Amino acid sequence: MAPAVDNAWNHTTVLLNEAIDSLVTRPEGTYVDATFGRGGHSRLLLSRLGPQGRLVAFDKDPEAIAEAARINDPRFSIRHQGFMHLGELPPASASGVLMDLGVSSPQIDNPARGFSFRNDGPLDMRMDSTRGQSVADWLATAEQGQIAQVIRDYGEERFAVPIAKAIVARRQERGPLATTAELAQLVAGAVKTREPGQDPATRTFQALRIFINAELEELEQALEAALQVLEPQGRLVVISFHSLEDRIVKQFIAKHSREVVDRRALFAKPAPLKLHALDRIKPSAEEVARNPRSRSAIMRVAERTAH
Ligand SMILES: C[S@@+](CC[C@H](N)C(=O)[O-])C[C@H]1O[C@@H](n2cnc3c(N)ncnc32)[C@H](O)[C@@H]1O
């Protein structure tokens, strides 16, 4: 049975109108919301579709799936799968693919999910709590070098090595870390210079979350899959929340929208372009004031060509 949705934790959708305005060009088309969350984008999208329009949504989180069950609309369906599975949809069948990356507010705010260094809870951080390894399980056996690499590469954390050392020392002395507060406290002891306005554990938590959910690998796979399922003139709209994600999206769009001249065959016809880059949009000052979690968002919009 799907878990009950606790309405105490809400998600304020970021770039709601901007994303749907950029995505929907054909009300009778089929659209993909690759990150349903609490359905903010999906609900507005459905309101813009005609009777023949379709919306296929994805989310890894069983709580998002339970929320989607409240949408009673024959044009809508949801899949409890990672979004790289969107490649299983028929080729060139979608008029738009939307990805609103990262975690939802209910995931961060619910201490039981283990994403938060502010509210103590089990050290979990899995977006799909029905499968895979939790952060606590991974940190219980991972080698120090591996831990340091994850924290450095995915958190861009200068103190990755001392943090990894502290995690392994603590494991040897008192057993593995079990809660988010234990990890946050340990990290605070290992981080020597604090960034203004930022908790010392921010980077480490970001890194472990990205790693345990394979976020960047799945994003790369989903972008390739989106290219297959978009029809000509179909729109790709991706909202990212940190530079590692945005770099992948930016480079992916650039790779498919810039002519690359093969230096070994200067007079050969360049490879056909698969995307046109259309837009890069950030939340307005008014949106950031209303919803501070939107401050780091960057939305990129591209259009599929006919090739
Ligand atoms: C920022 S929230 C989306 C919020 C949504 N647009 C709304 O308006 O309510 C991101 C969602 O994507 C989901 N998610 C993250 N990575 C995923 C992946 N690889 N596959 C499927 N869902 C994913 C998370 O579980 C979360 O619910």
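Each reported figure results from applying straightforward, stated rules to the coordinates on display, with no laboratory input. It should be emphasised that the depicted structure is a prediction, and the values quoted were computed from it without experimental measurement. Here the Cβ positions follow ideal geometry from the backbone for every residue, glycine too, while neighbour counts run over all protein chains shown.
Couple of notes before you dig in:
- Meets criteria (within 28 Å of LYS274 (Cβ to Cβ) and either within 14 Å of the ligand (Cβ to nearest atom) or surrounded by 22 or more Cβ atoms within 10 Å (Cβ to Cβ) (or both)) for VAL56: yes
- Checking LEU183, LEU208 one by one, the residue that is in contact (Cβ under 8 Å) with a residue 12 or more places away in the chain, out of contact with any strand residue (DSSP E or B) (no Cβ under 8 Å at 6 or more places or on another chain), farther than 29 Å from ALA19 by Cα and not charged (D, E, K, R) is LEU183 and no other.
- For the range 80-132, a tally of residues being free of Cβ contacts under 8 Å to residues at least 24 places away in the same chain, crowded, with 22+ Cβ neighbours inside 10 Å and more than 14 Å from the ligand (Cβ to nearest atom) returns 0.
- Selection within the range 221-252 - part of a helix (DSSP H, G or I) and within 20 Å of ARG152 (Cα to Cα): SER243, LEU244, GLU245, ASP246, ARG247, ILE248
- In the range 20-35, residue surrounded by the fewest Cβ atoms within 10 Å (Cβ to Cβ) [restricted to those that are more than 17 Å from VAL229 (Cβ to Cβ) and either among the small types (Gly, Ala, Ser) or within 16 Å of the ligand (Cβ to nearest atom) (or both)]: ASP21
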